[in-house]
1. Would you kindly find the accessible area of B:VAL432, with a 1.4 Å probe and non-protein molecules such as ligands, DNA and RNA excluded, rounding to the nearest 10 Å²?
2. The range A:85-143: D in µm²/s via Stokes-Einstein (Kirkwood Rh, Cα pairs, 37 °C, 0.692 mPa s)?
3. Pick from A:ASP181, A:ASP202, A:ASP118: which is most flexible by mean-square fluctuation in a GNM of chain A where alpha carbon atoms under 10 Å apart are linked?
4. Which of the lysines could a cross-linker span from A:LYS63 if the Cα-Cα distance has to be under 28 Å and same-chain partners fewer than 8 positions apart are dropped?
5. Between B:TYR342 and A:ASP134, what FRET efficiency comes out of the Förster formula 1/(1 + (r/R0)^6) with R0 = 51 Å and r the beta carbon distance, rounded to 0.05?
6. Rounded if a/c is under 1.5, else prolate if a/b beats b/c, else oblate: with a ≥ b ≥ c from the C-alpha gyration tensor eigenvalues square-rooted, which is the range B:112-174?
7. Can you give the FRET efficiency for B:SER308 and A:LYS63, using 1/(1 + (r/R0)^6), R0 = 30 Å, r = Cβ-Cβ distance, to the nearest 0.05?
8. How much length is gained if the chain between B:PHE38 and B:TYR483 is pulled fully straight, taking 0.36 nm per residue apart and subtracting their Cα-Cα distance, in nm to one decimal?
Amino acid sequence: MGNSWLPVQLTQMAHNVDGLFYFVLAVVTFFFVLVEVLLITFLVRYRRTKRNQVGANVHGNNKLEFVWTLVPALILVIMGVASVHDVYAAQTQPAKPVVIQVIGHEWYWEFKYPNGVDTHNDLRIPAGEDVRFDITSQDVIHGFYLAPMRMQQDALPGRETQFWVDVEPKYVGQTFLVPCDQFCGPGHPTMVGHMTIMSESDFNQWLATEKQQQSKSSGS
Amino acid sequence: MAAVLEAPYAERRSFVREWVLTVDHKKIGIMYGVTALFFFLLGGLFALLVRTDLLVPAGVFPAQDYNEFFTMHATVMIFAVIIPLLTGGFGNYLVPLQIGARDMAFPRMNALSYWLYLASGIVFLLSMVSGMPDAGWTSYPPYSVTSTGPGIDLWITGLHIAGLSSILGAINFIVTIQRMRAPGMTLNRMPLFVWSMLVTAYMQLFGTPALAGAITTLLADRHFGTVFFNSAAGGDPMLYQHLFWFYSHPAVYIMIVPAFGIISEVLPVFSRKPIFGYHAIAYSSVAIGFLGFFVWAHHMFVAGMQMSEGIPFMISSMIIAVPTSVKIFNWLATMWRGAVEYTVPMMFASLGFIGSFIIGGFSGVIVAAVPLDMQLHDTYFVVAHIHYVLFGGSVMTIMAGLHFWYPKVTGRMYSKKLGYLGFWLYFIGTQVTFFPMHLLGLAGMPRRIASYDPAFQFWNDVCTVGAYILGLGTLVIIYNLLYHAKRGPKVGPNPWVARTLEWQTSSPPPEHNFDEIPVVTANPYQPYTAEELAQAAQSAP
Ligand SMILES: [Cu+2]
Ligand SMILES: [Cu+2]
């Protein structure tokens, strides 16, 4: 089921992160199977029997120690190097993104759009454009977590964290949840916003109408 | 000399003199063990409340209650169960015996450590009456500063007392191991459990003060108007996280390195073989203890650090997997060409510990990678990881150790049937409870939530069923151990034909441990001979 494994990948970044995940998972699964098979084999093959009462007189083997120190170390180096690339890819900011301010509150998300539109728990994202989130908190620490983007940053009081996304256009019209994943009190489980992927033109139109409505209601 | 030492042993003493006033490391070890098992039941009860709440997406309990439950669960399990049981319980009972000493270096300070530990536990219990802490065992400000009621103040008080107990205990172990070893026991002849306790004691000594700093400043921010963590006044909540994790990552190793020591004692005995790679296992513990202090920020990759700043911590977190995998391979090699007997402690140590713990090790490598942590941080994947380490690792090993040294401590044997039943309930319960949490985490379920998206219900219900299996297993194990402490069949000094010094004295050992201090000529992992085993089988009662 869709709820037992990774969710959809809205961005190229999500594809890359999943690629890294599957690579690490493959390596790890190989060693998992290796260890479990050796464990079970040794338990069964060398079990105590009438004939097998005494274990062999073996204290160790320096060559083996060398191998099983070096091989895991090398594999971990490869994993580390593979990860570094994605870190810098995520950290390098795109030029001229659409900036959406994300503000955590006890217990809702506030989103401020470039033209001043301000929503609660209603996140709209234009597809095919670079969008940057500037994330902060009004009170305690929250966690701004977008699972379909494979990305999160804490929302901290007095500090701004950032990440950016570029959603593939084929997801226009779909909605996703925006949970808070850093424990923030009794409202933590219900601090969930909604994210709607829109086409660029729909997004701009929505911003304009929303702007009109918000200034009307604040003007009256 | 021996007569003088034995004289007080023969006379009957009142309960107060026997236990409350005792400075005997074995009695103190038993008191640590019994107290910790009581708190294990309590911490388990909180776990069952947490899992019961998650049976339905809307949650069974109000969110505030749920928050208190998971906070108490982790606090009790870490500070009142696993750390004191491994160091205070196993460490106290075994270290002087295994190094051939009559007691710890500072017996009165040892008793003080126990009573401080008990006091910290009582403070945690008090909070159940007056209002429990609700900020998680991490207690991050600003939430933990704004949270009202006495819960967090009691939590801080309890932690301070437990920390003091830890530091005193650590000093005691370091001095005991460095200064009181029997003649001939060089460092490289010490039992591997003693090696692991030495490393653990150093970690406690250097790590615990950072925790004390974190929670003292937290208390000051709560009540004395300071602004350490108030960003509006120039403070910084990240300071707390740095201090907290500077202790609490090593704390994970404080909870697993002694467990590694126990495994290294159990496997060779039941494989009837010398341990494979004695030096590699001993020195890899030292490497883990040292490296453990350089990985703390892997808990903070998404907490406002620049992303690339996580890279050095990612590297150190991956490097620390190397000494751990060295141990795993040496343990497997110990069983290779052995004569493996499926005793209850061996089942817990082999299939139970190795079979489960490696899953926690591997998921640790996954969350150590910065880009993967950006996705999995604060999801159930992390909950799965830590429970495979602390339950599949530490608790499974505690059970191996309890079933291994039980005949030494009590002089009697438990029911093996119930022992196997307990093992299988634990082994199956562990996988059913904790494995699905990986899947929930990958699918994006955040941790520490009292209610959740209905899409996650199926696996949550599976986890809850698993937790009930573990609860049942715990009852079976504890009943078996308690019931047979006075009623089980008597055993001789060395029912397993083990090599370390505690098995060379009576079961239970006399108050002064050894009539004659042994002289050590080699490490305890010497090969077995057929004649020796045949002889042991004949003399067994
Ligand atoms: Cu929140
Ligand atoms: Cu850590």
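The values are calculated or read from the model by the stated rules, or taken from the named source; none is laboratory data. Model, not experiment: these values are computed from the prediction. Positions of Cβ are generated from backbone atoms using ideal geometry, with glycine treated the same way; all protein chains shown enter the neighbour counts. Calculation scope for accessible area: heavy atoms of the full protein, side chains included, ligands and nucleic acids excluded. Shrake-Rupley method; radii C 1.70, N 1.55, O 1.52, S 1.80 Å.
1. B:VAL432 has an accessible surface of roughly 40 Å² with all protein chains in place.
2. Working: Rh = 12.7 Å.
D, rounded to a whole number, is 259 µm²/s.
3. A:ASP202
4. Here the lysines satisfying the reach criterion relative to A:LYS63 are B:LYS273, B:LYS327.
5. Values: r = 60 Å, r/R0 = 1.17.
With a Förster radius of 51 Å, E is 0.30.
6. Numbers: a/c = 3.91, a/b = 1.82, b/c = 2.15.
The shape class here is oblate.
7. On the way: r = 38 Å, r/R0 = 1.27.
That pair, B:SER308 with A:LYS63, gives E of 0.20.
8. Numbers: separation 445, 0.36 × 445 = 160.20 nm, distance 1.51 nm.
Net length gain for the segment: 158.7 nm.
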